[in-house]
């Protein structure tokens, strides 16, 4: 069975942990945008070289390059065989449309929204003790997530792909709900 998923969640929602649980359950590739970008630059793929030039100039990598890097990565054997869970992509409607375009007949199976209330993710981030986890920093990142990501979630909801999973509870409880929700959607 091939499983193609995207996972979303506010910072502190446990998205990375649950992505690993999805990988272990379904044997799919965990594809993180940050890792992908670094790998493409290191491998000097055509899109990686474009990204490197943009980053050297001190600019943000645009949708066209990110879309190209994701398209390249999703053609690798580990993603075309058993499938994948995308983490950190898409972040814009343009990226979401591009993803559906380049998957074509190898459609996306589900988009997971790991839903954890603001108060809880704020408390989780404060307890990590990282230097950038100040009250202002956390509030800014969570606000940015709402502004940028909510429209992407709405886009996938309209396509019938969005599966919202309650992210409160122990890692095992959340994982159990998540896997059950994915199986039900498939």
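The values are calculated or read from the model by the stated rules, or taken from the named source; none is laboratory data. All values derive from a computational prediction rather than experimental measurement. Here Cβ is always computed from backbone atoms with ideal geometry, including for glycine, and neighbour counts include all displayed protein chains.
Could you tell me how many of the residues in the range 172-186 are closer than 17 Å to residue 23 by Cβ and modelled with pLDDT under 95?
Qualifying residue count, the range 172-186: 1.
Before we move on, is residue 44 more than 20 Å from residue 163 (Cβ to Cβ) and out of contact with any helix residue (DSSP H, G or I) (no Cβ under 9 Å at 6 or more places or on another chain)? So that I can check it myself, show each step before the final result.
On the way: more than 20 Å from residue 163 (Cβ to Cβ): yes; out of contact with any helix residue (DSSP H, G or I) (no Cβ under 9 Å at 6 or more places or on another chain): no.
Considered against the rule, which asks whether it is more than 20 Å from residue 163 (Cβ to Cβ) and out of contact with any helix residue (DSSP H, G or I) (no Cβ under 9 Å at 6 or more places or on another chain), residue 44 comes out as no.
Checking the structure you have, find out if any residue of the range 21-28 is in a loop (DSSP other than H, G, I, E, B) and surrounded by 20 or more Cβ atoms within 10 Å (Cβ to Cβ).
Taking the range 21-28 and keeping what is in a loop (DSSP other than H, G, I, E, B), we get 27-28.
This time we only want the ones that are surrounded by 20 or more Cβ atoms within 10 Å (Cβ to Cβ), so: 28.
Yes, there is a match, as at least one residue in the range 21-28 is in a loop (DSSP other than H, G, I, E, B) and surrounded by 20 or more Cβ atoms within 10 Å (Cβ to Cβ).
Here is a list: 80, 92, 45. Which entry is under 20 Å from residue 7 (Cβ atoms) and either surrounded by fewer than 16 Cβ atoms within 10 Å (Cβ to Cβ) or modelled with pLDDT under 90 (or both)?
Answer to the selection: 80.
Please find, among 116, 152, the residue that is closer than 26 Å to residue 175 by Cα, touching a helix residue (DSSP H, G or I) at 6+ places or on another chain (Cβ under 6 Å), surrounded by 17 or more Cβ atoms within 10 Å (Cβ to Cβ) and at pLDDT 95 or above.
Values: 116 fails: touching a helix residue (DSSP H, G or I) at 6+ places or on another chain (Cβ under 6 Å).
Of 116, 152, the one residue that is closer than 26 Å to residue 175 by Cα, touching a helix residue (DSSP H, G or I) at 6+ places or on another chain (Cβ under 6 Å), surrounded by 17 or more Cβ atoms within 10 Å (Cβ to Cβ) and at pLDDT 95 or above is 152.
Just give me the residues in the range 21-37 being out of contact with any helix residue (DSSP H, G or I) (no Cβ under 9 Å at 6 or more places or on another chain) and closer than 18 Å to residue 66 by Cα, in sequence order.
If the condition is that a residue be out of contact with any helix residue (DSSP H, G or I) (no Cβ under 9 Å at 6 or more places or on another chain) and closer than 18 Å to residue 66 by Cα, then 34, 35 are the ones that fit.
Looking at the range 41-51 only, could you name the residues that are outside any helix (DSSP H, G or I) and closer than 10 Å to residue 69 by Cα?
45
Considering only residues that are assigned to a helix (DSSP H, G or I) and surrounded by fewer than 20 Cβ atoms within 10 Å (Cβ to Cβ), look in the range 29-40 and name the one that is modelled with the lowest pLDDT. So that I can check it myself, show each step before the final result.
Of the residues in the range 29-40, the ones assigned to a helix (DSSP H, G or I) are 33-40.
Now narrow it down to the ones that are surrounded by fewer than 20 Cβ atoms within 10 Å (Cβ to Cβ): 33-35, 38-39.
Numbers: 33: 83, 34: 79, 35: 84, 38: 85, 39: 86.
For the range 29-40, the residue satisfying everything is 34.
Please specify each residue of the range 1-20 satisfying the condition of being assigned to a helix (DSSP H, G or I) and either in contact (Cβ under 8 Å) with a residue 12 or more places away in the chain or touching a helix residue (DSSP H, G or I) at 6+ places or on another chain (Cβ under 7 Å) (or both).
Result: 15, 16, 17, 18, 19.
If you take the residues in the range 155-171 that are in contact with a helix residue (DSSP H, G or I) (Cβ under 9 Å, 6 or more places away or on another chain) and part of a helix (DSSP H, G or I), which one is nearest to residue 85 (Cα to Cα)? Outline the logic, then answer.
If we filter the range 155-171 for residues that are in contact with a helix residue (DSSP H, G or I) (Cβ under 9 Å, 6 or more places away or on another chain), which is where we start, we get 155-156, 159, 161-169, 171.
Checking which are part of a helix (DSSP H, G or I) leaves us with 155-156, 171.
Numbers: 155: 18, 156: 15, 171: 18 Å.
Selected residue: 156.
If the requirement is being under 15 Å from the mean Cα position of the chain (by Cα), surrounded by 14 or more Cβ atoms within 10 Å (Cβ to Cβ) and touching a residue at least 40 places away in the same chain (Cβ under 8 Å), which of these qualifies: 121, 111, 174?
Details: 121 fails: under 15 Å from the mean Cα position of the chain (by Cα); 174 fails: under 15 Å from the mean Cα position of the chain (by Cα).
Answer to the check: 111.
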